[in-house]
Amino acid sequence: MSKRLLKTGLAMAIAATSSHGLASGFAINEQSVSAMGTAFAGRSSAADDATTVFGNPAGMARLKREQVSGGLAAIIAKSDIDDAESSIPGSNDGDMVPFVAAPMGYYVKPLDEQWSFGFGLYVPFGLVTDYERNFQGRGYANLSEVRVITLQPTLSYRFNDQWSVGFGPTLNHIEGQLTSTIPNPFLPSSAAGQVKVKGDDFAMGFNAGVLFELNAATRFGLTYHSKVDYKLKGHTKVESDGLLAGSAGKYDASLELQTPESVDFSVTHALDERWTLYAGSTWTRWSRLQEITVDNKGVAGPFAANLTTITEEQGWHDTWAHAVGAAYQLNKQWVLRAGVAVDQSPTNNRHRSPRIPTGDRTIFSVGAGWSPNDDLTLDLAYSYLMEEDAKIDLDEPLKGSYRATYRNSAHGLGAQVTYRY
């Protein structure tokens with residue numbers, strides 16, 4: 001019994017994510033509002049402002065002036081839960097993702113004709129799910145939260161008029177928390193206990209990129225975002241004054257987790273002085289996430305032997321995302337943008353749970369940039385995400401059975417300011 005109980009609670013860093021970020025799995029795409037307007041098509045080849053520190057470090061070579069970019073992207077999600085069946089009584093309100101926002105900030109300074117220095121602060125992974133207290137699937141999910149914040153110092157080098165490269169190490173901090181309500185197997189309408197989990201870690205990674213400018217109108221970009229190896233350390237707290245009182249306590253816990261590497265390739269082509277076209281594809285190695293293994297220390301009581309190592313299957317697969325977009329220079333002050341993207345989900349029907357009830361998605365975006373002068377640009381963007389229906393079919397001892405169809409959508413809003421010195 002206790003092994004099942006802790007297994008529910010300790011898969012925090014992966015399970016503790018929302019399905020409504022505008023990228024697959026628990027990744028977040030919103031590191032640039034100017035790129036958001038074209039559905040992130042051309043992210044590694046556009047290099048129009050300081051957000052290229054993330055999009056492609058080599059793109060800093062195109063920026064001739066010192067500049068800073070900062071902004072905020074917000075996600076407003078909606079979930080309807082239909083056809084729900086469960087052995088546990090309760091409700092299925094849906095809309096379990098609260099209003100969330102992702103900040104971003106960048107700085108780029110050309111050092112000479114060849115070298116540029118940059119710095120970035122952004123959120124590559126995260127979001128939250130928070131179900132109602134009496135949720136029918138509460139044996140599988142209740143409150144979940146995870147966030148990763150990244151700092152990235154960066155250098156770029158221009159070899160000639162066509163080739164540039166860039167590289168930046170990343171310092172990443174991950175933290176997560178989870179609460180699960182464990183149903184009473186003998187009286188499903190009551191709770192046998194709660195599991196609360198918290199943990200965090202710092203780890204290093206890197207971003208690297210290449211930019212090839214075929215001519216004044218066309219350029220190609222390739223960006224690699226490395227995997228990052230975390231070992232979250234924290235505690236697992238089991239609370240119960242009833243059936244699970246023998247397992248109550250606070251245990252040291254550690255969880256090894258890899259956030260996946262990704263490769264982005266894109267092309268930017270200026271048709272004329274007004275129209276610019278963008279296209280790109282991103283591959284993400286989510287197949288690294290086949291299982292989660294948790295190590296516990298200091299476990300006491302009759303179930304200690306069962307709690308030393310706990311493994312939970314995930315079975316995720318690699319994904320592709322594709323996007324196309326366009327920008328129209330209306331006049332010297334205004335540029336208008338639009339784009340569409342398709343993005344695969346890494347989850348599978350066998351293991352999909354209420355924590356990550358995600359399906360393949362399509363994203364439509366529009367945006368605009370306003371430059372009242374040569375020094376200042378304000379970018380705004382809006383995205384609408386719609387997902388394929390995501391079906392859940394789970395049945396485990398103690399957690400009960402839960403079957404439902406999730407219909408998810410989300411709105412994304414972003415604002416960004418760039419100032420050039």
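The values are calculated or read from the model by the stated rules, or taken from the named source; none is laboratory data. What you see is a predicted model, and the numbers here were worked out from it, not measured in a lab. FYI the Cβ positions are ideal-geometry reconstructions off the backbone, even for glycines, and counts take in every protein chain you see.
Give me the strands (runs of 3 or more DSSP E) completely within the range 196-293, filtered to those with at least 2 residues that are out of contact with any Cys (no Cβ under 9 Å at 6 or more places or on another chain), of a type in the set (D, E, K, R) and at pLDDT below 95, ordered by residue number. Quick ask: steps written out before the conclusion?
On the way: elements: 218-225, 228-239, 249-259, 262-270, 275-284.
Once the strands (runs of 3 or more DSSP E) in the range 196-293 are filtered for at least 2 residues that are out of contact with any Cys (no Cβ under 9 Å at 6 or more places or on another chain), of a type in the set (D, E, K, R) and at pLDDT below 95, what remains is 228-239, 249-259.
For residue 337, indicate whether it is more than 29 Å from residue 93 (Cβ to Cβ), of a type in the set (D, E, K, R) and modelled with pLDDT of 85 or more.
Numbers: more than 29 Å from residue 93 (Cβ to Cβ): yes; of a type in the set (D, E, K, R): yes; modelled with pLDDT of 85 or more: yes.
So residue 337 passes the test.
Can you name every residue in the range 383-402 that is among the hydroxyl-bearing types (Ser, Thr, Tyr), farther than 17 Å from residue 86 by Cα and either touching a residue at least 60 places away in the same chain (Cβ under 8 Å) or in contact with a Cys (Cβ under 9 Å, 6 or more places away or on another chain) (or both)?
Let us first name the residues in the range 383-402 that are among the hydroxyl-bearing types (Ser, Thr, Tyr), namely 383-384, 401-402.
After this cut, where a residue has to be farther than 17 Å from residue 86 by Cα as well, the list is 383-384.
Within the range 383-402, 383 is the sole residue that qualifies.
From the list 410, 381, 368, 415, pick out the single residue that is among the small types (Gly, Ala, Ser) and more than 30 Å from residue 65 (Cβ to Cβ).
Details: 381 fails: more than 30 Å from residue 65 (Cβ to Cβ); 368 fails: more than 30 Å from residue 65 (Cβ to Cβ); 415 fails: more than 30 Å from residue 65 (Cβ to Cβ).
After applying the criteria, what remains is 410.
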**Item:** Residues satisfying the stated conditions in the range 121-167, i.e. within 30 Å of residue 395 (Cβ to Cβ) and aliphatic (A, V, I, L, M)
**Value:** 127, 128, 141, 143, 146
**Prompt:** How many of the residues in the range 82-91 are touching a residue at least 60 places away in the same chain (Cβ under 8 Å), outside any strand (DSSP E or B) and either aromatic (Phe, Trp, Tyr) or surrounded by 14 or more Cβ atoms within 10 Å (Cβ to Cβ) (or both)?
**Reply:** 2
**Request:** Scan the range 359-374 and give yes if some residue there is free of Cβ contacts under 8 Å to residues at least 40 places away in the same chain, of a type in the set (Phe, Trp, Tyr), in a strand (DSSP E or B) and within 22 Å of residue 270 (Cβ to Cβ), otherwise no.
**Result:** yes
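Does residue 328 meet the test of being surrounded by fewer than 22 Cβ atoms within 10 Å (Cβ to Cβ) and in contact with a His (Cβ under 7 Å, 6 or more places away or on another chain)? Don't jump to the end; show me each part of the working.
On the way: surrounded by fewer than 22 Cβ atoms within 10 Å (Cβ to Cβ): yes; in contact with a His (Cβ under 7 Å, 6 or more places away or on another chain): no.
Considered against the rule, which asks whether it is surrounded by fewer than 22 Cβ atoms within 10 Å (Cβ to Cβ) and in contact with a His (Cβ under 7 Å, 6 or more places away or on another chain), residue 328 comes out as no.
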**Item:** Enumeration of residues in the range 265-291 that are aliphatic (A, V, I, L, M) and crowded, with 17+ Cβ neighbours inside 10 Å
**Value:** 267, 277, 279, 289
**Prompt:** Just checking, how many residues over the range 337-346 are farther than 15 Å from residue 271 by Cα and in a strand (DSSP E or B)?
**Reply:** 6
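Mind listing whichever residues of the range 27-41 are in a loop (DSSP other than H, G, I, E, B) and either among the hydroxyl-bearing types (Ser, Thr, Tyr) or touching a residue at least 60 places away in the same chain (Cβ under 8 Å) (or both)? Spell out the reasoning first.
Let us first name the residues in the range 27-41 that are in a loop (DSSP other than H, G, I, E, B), namely 28-32, 37-41.
Within the range 27-41, 28, 30, 31, 32, 37, 38, 39, 40, 41 qualify.
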**Asked** Which of the residues spanning the range 200-219 are closer than 14 Å to residue 164 by Cα, among the hydrophobic types (A, V, I, L, M, F, W, C) and surrounded by 17 or more Cβ atoms within 10 Å (Cβ to Cβ)?
**Response** 208, 210, 211
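Give me a count of the residues in the range 344-391 that are over 30 Å from residue 315 (Cα atoms) and surrounded by 22 or more Cβ atoms within 10 Å (Cβ to Cβ). Can you show your working first?
Our first condition is that a residue be over 30 Å from residue 315 (Cα atoms); within the range 344-391, this holds for 365-382.
If we keep only those that are surrounded by 22 or more Cβ atoms within 10 Å (Cβ to Cβ) too, we end up with 365, 367, 369, 377, 379, 381.
The total comes to 6.
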**Prompt:** Out of the range 64-88, which residues are closer than 30 Å to residue 160 by Cβ and either β-branched (Val, Ile, Thr) or under 28 Å from the mean Cα position of the chain (by Cα) (or both)?
**Reply:** 67, 68, 69
**Item:** Condition check for residue 340: out of contact with any Pro (no Cβ under 6 Å at 6 or more places or on another chain) and closer than 19 Å to residue 29 by Cβ
**Value:** yes
**Residue check for residue 331: in a loop (DSSP other than H, G, I, E, B), at pLDDT 95 or above and over 16 Å from the mean Cα position of the chain (by Cα)** = yes
**Message:** Please count how many residues of the range 92-123 are within 21 Å of residue 408 (Cα to Cα), within 15 Å of the chain's Cα centre (by Cα) and crowded, with 17+ Cβ neighbours inside 10 Å.
**Reply:** 3
**Subset of the range 135-154 (residues that are surrounded by fewer than 21 Cβ atoms within 10 Å (Cβ to Cβ) and within 19 Å of residue 78 (Cα to Cα))** = 143
**Request:** May I ask you to list the residues in the range 126-163 that are hydrophobic (A, V, I, L, M, F, W, C), touching a Phe, Trp or Tyr at 6+ places or on another chain (Cβ under 8 Å), modelled with pLDDT under 90 and in a strand (DSSP E or B)?
**Result:** 127, 143, 146
**Request:** Give the residues of the range 318-346 that are more than 16 Å from residue 276 (Cβ to Cβ) and touching a Ser or Thr at 6+ places or on another chain (Cβ under 6 Å), sorted by residue number.
**Result:** 318, 319, 321, 322, 333, 342, 343, 344, 345, 346
**Item:** Criterion: crowded, with 24+ Cβ neighbours inside 10 Å, assigned to a loop (DSSP other than H, G, I, E, B) and modelled with pLDDT of 95 or more - qualifying residue of 24, 18, 44
**Value:** 44
